[in-house]
Amino acid sequence: MEHKRLAELNRVADVKPARPARPLSRRERLDRWAELLERDPDRLLATLDEIEFKPKSVRRSMRADGSALSVAYTDPVLRAEGMASDRLGDSIAFFDLSEHDAHIILCSCHGGSTMRAEEAARRVRGIRSPSLWPLYFGWFW
């Protein structure tokens, strides 16, 4: 392989810096999270204890080792996209979730103290498309 300096290459080629990849859309971030959870569908994940009863200041800092949020946070792609931590508040902002969405996915009242990763993935996919909730959750409005 022959090595040339950039100045030399500019004389024989139109050299342009690589464009940064576009940021992931909300849907792509949620899909990635669901895919990460689906890699080990039988893994038991910790839920967050009774999110709806905590003051907002406490809710935002909630986290649990081995939760669906910690699965997302260990992913280098989501971290490179800007996921700041596995805390509820940072995750709500990163995934652009409503408090209701976060409650459906992560709260202990919907899954007990643990839930299977496959169930968490189904909930992530469900909040991505509320019109499909009956398909994902068996809920009818």
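The values are calculated or read from the model by the stated rules, or taken from the named source; none is laboratory data. Bear in mind the structure is a predicted one, so any value in this text is a computation, not a measurement. Cβ coordinates were reconstructed from backbone atoms using ideal geometry, including for glycine residues, and neighbour counts include every protein chain displayed.
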Residues in the stretch 37-53: is at least one without any contact (Cβ under 8 Å) to a residue 24 or more places away in the chain and within 21 Å of H100 (Cβ to Cβ)? yes
Which residues, taken from the stretch 80-91, are free of Cβ contacts under 8 Å to residues at least 24 places away in the same chain and either closer than 13 Å to E52 by Cβ or among the β-branched types (V, I, T) (or both)? none
What number of residues within the stretch 8-37 satisfy the criterion of being more than 30 Å from R128 (Cα to Cα), touching a Leu at 6+ places or on another chain (Cβ under 8 Å) and either loosely packed, with under 10 Cβ neighbours inside 10 Å or modelled with pLDDT of 65 or more (or both)? 0
Quick test for you: out of V71, V77, pick the one residue that is exposed (fewer than 14 other Cβ atoms within 10 Å of the Cβ), touching a residue at least 40 places away in the same chain (Cβ under 8 Å) and part of a helix (DSSP H, G or I). V77
Determine the pairs where a residue that is within 14 Å of I51 (Cβ to Cβ) and assigned to a helix (DSSP H, G or I), located within the stretch 106-131, has a partner that is of a type outside the set (K, R) and at pLDDT below 85 with Cβ atoms under 8 Å apart, the partner being 6 or more residues away or on another chain. R123/H110; R123/Y136; R123/F137
Looking only at the stretch 40-65, count every residue that is basic (K, R), more than 19 Å from the chain's Cα centre (by Cα) and part of a loop (DSSP other than H, G, I, E, B) and tell me the total. 1
Please state which of the following conditions T47 fails to meet, knowing it meets all the rest: (1) under 15 Å from I127 (Cα atoms); (2) surrounded by 13 or more Cβ atoms within 10 Å (Cβ to Cβ). (1)
